[in-house]
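Contents: one structure, followed by commentary.
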Amino acid sequence: MHHDDNVDGTINTGSKIVFNKIPLNSGKYHSLTSTKFEECYTTTINVCKDPDLYDVNDRIITDDEYRDLKRWLNRREFLKFCFIGDGEAVYFYVSFQVDKILANGELRGLQLTLESNSPFGYGQEETANWAVESIDKVYLLTDISDEIGFTYPDVKIVCHKSGDLEMYNKDTDCRLVIKNCTTDETITINGQTRIIETDNENHKDRIYSDFNFQYFTIANSIDNRSNRITVSLPSEITIKYVPIIK
């Protein structure tokens, strides 16, 4: 299929912020009370058979081709989707509404309305991996997300020594504590679901009572993207997150 991207005009990039305000001093000044992303990203794409591959008489989309395309694109779930171009890959989780484009009564193209589950897109997953040997060492993680604020990353901890483990991010003042860790124990924390798990059978029933419920965060501000992190036990730490791309 082919789409025409060589057209000038205004492009909707999503990430539209709603500013909630209240008037003060007879409306001479409006105080900002809150903000939110009210709409998920959406756009419309027209596609047809590639004219470089098909001559004008072969560009009709058959009934079988249409059914296959609609079955593939128009699903009841959001699936990973990426626009392919020369720039940075940006991913969305989407489904499509599919409409027919007719010319002289013949099906020559499809109008696809993209529906996503978020106001913005996402970049490639970022990973930081550290072999922690010294509790005095500061490890740096750069948050490259376009959205200013906090992110809850996925965290994997492989303990190399028994004891109480503490991960502290000086830039978010987040102090994650898990007590009674054992040598070779692997602990995983899902940042999106806030689920913490261990592979140590003797620790599984106590993992939440040994956890201080400060789920680990990274962040960036308008002036700073660095996160300075310390770890209190020798271990291997893996932090993964997906940056927001606006």
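The values are calculated or read from the model by the stated rules, or taken from the named source; none is laboratory data. These numbers were taken from a predicted model, which means no experiment stands behind them. For neighbour counting, all protein chains shown are included, and Cβ atoms are generated from backbone atoms with ideal geometry for every residue, glycine included. Heads up: the accessible areas ignore ligands, DNA and RNA and are worked out on the full protein's heavy atoms, side chains in. Shrake-Rupley method; radii C 1.70, N 1.55, O 1.52, S 1.80 Å.
If you go through the stretch 37-71 and pick out every residue that is modelled with pLDDT under 90 and open to solvent by 100 Å² or more (accessible area, probe 1.4 Å), you end up with 3. Taking the conditions exactly as written (more than 24 Å from Glu125 (Cα to Cα) and either touching a helix residue (DSSP H, G or I) at 6+ places or on another chain (Cβ under 7 Å) or at pLDDT below 95 (or both)), does Glu147 satisfy them or not? So Glu147 fails the test. Contact map, the stretch 40-54: residues that are in contact (Cβ under 8 Å) with a residue 40 or more places away in the chain paired with residues that are acidic (Asp, Glu), Cβ distance under 7 Å, separation 6+ or inter-chain. Pairs shown: Thr42/Glu115.
Every condition in (1) out of contact with any Leu (no Cβ under 6 Å at 6 or more places or on another chain); (2) within 30 Å of Tyr241 (Cα to Cα); (3) among the small types (Gly, Ala, Ser) holds for Ala128 except the one numbered (1). Among the candidates Val90, Val94, the residue that is of a type outside the set (S, T, N, Q), in contact with a Leu (Cβ under 6 Å, 6 or more places away or on another chain) and within 24 Å of Asp146 (Cβ to Cβ) is uniquely Val94.
Put simply, of Thr151, Thr113, Thr127 the only residue that is touching a residue at least 24 places away in the same chain (Cβ under 8 Å) and either out of contact with any Asp or Glu (no Cβ under 8 Å at 6 or more places or on another chain) or at positive phi (or both) is Thr127.
Look at (1) free of Cβ contacts under 8 Å to residues at least 60 places away in the same chain; (2) open to solvent by 60 Å² or more (accessible area, probe 1.4 Å); (3) assigned to a strand (DSSP E or B) and you find that Leu176 fails only one, number (2). Any chance the stretch 234-245 includes a residue that's more than 16 Å from Glu126 (Cβ to Cβ) and touching a Gly at 6+ places or on another chain (Cβ under 8 Å)? Among the residues of the stretch 234-245, not one is more than 16 Å from Glu126 (Cβ to Cβ) and touching a Gly at 6+ places or on another chain (Cβ under 8 Å), which makes the answer no. Residues that are more than 27 Å from the chain's Cα centre (by Cα) and over 18 Å from Lys246 (Cβ atoms) number at least 2 in the following strands (runs of 3 or more DSSP E) confined to the stretch 50-122: 91-103, 106-116.
Residue by residue, here is whether (1) open to solvent by 80 Å² or more (accessible area, probe 1.4 Å); (2) within 30 Å of Thr62 (Cβ to Cβ) holds:
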{"residue": "Arg108", "(1), (2)": "no, yes"}
{"residue": "Gly121", "(1), (2)": "no, no"}
{"residue": "Ala128", "(1), (2)": "no, no"}
{"residue": "Ala131", "(1), (2)": "no, no"}
{"residue": "Lys137", "(1), (2)": "yes, no"}
{"residue": "Asp143", "(1), (2)": "no, no"}
{"residue": "Ile157", "(1), (2)": "no, no"}
{"residue": "Lys170", "(1), (2)": "yes, no"}
